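Down below is the structure, laid out as structure tokens.
Read the figures in this text as sums done on the coordinates, not as results from a lab. Everything numeric here is computed off the predicted structure, so don't read it as measured data. Here the Cβ positions follow ideal geometry from the backbone for every residue, glycine too, while neighbour counts run over all protein chains shown.
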């Protein structure tokens, strides 16, 4: 069942999130305050929202991370126990970055290390099996 659409004041939302502009890929696309994902980083903010399809079952929609939000992205993946990431854009499109290379094994993060265990090339998509290791508690997730 679809929820009733509520037209929130976009200016109000933008004013509340103005301090996070450096964390957003697009300054005009913000999550609704009542439906945003919170993470345990310094800012506690990531431009992401859960989309529910069954009670207590949801997926998270988010913008492609910026270089300065890659660790925030992996924090969200870890804290919300995400098992699948579906990337719907290329890293570069029409000469413009659409998503930082967040699955680069050489990218240095304070809290996480990633390892690509397998790459499966299909005709129209790629599957990457990624292991995420939390360096603070030594737990590894696939």
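Taking all pairs of different Cα atoms in region 10-141, averaging 1/r and flipping that mean, what Kirkwood radius in angstroms comes out?
Working: mean 1/r = 0.0623 Å⁻¹.
One decimal place: 16.0 Å for the Kirkwood radius.
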Need one number: nm distance between label points at residue 128 and residue 79, each 7 Å from Cα along Cα→Cβ, rounded to one decimal. 2.3 nm
Ranked list, fewest to most other Cβ atoms within 10 Å of each Cβ, for 72, 104, 94, 78: 94, 104, 78, 72
Please rank 41, 62, fewest neighbouring Cβ atoms within 10 Å first, as an exposure proxy. 41, 62
Once label points are set 7 Å from the Cα along Cα→Cβ at both residue 68 and residue 104, what is their separation, rounded to one decimal in nm? 1.6 nm
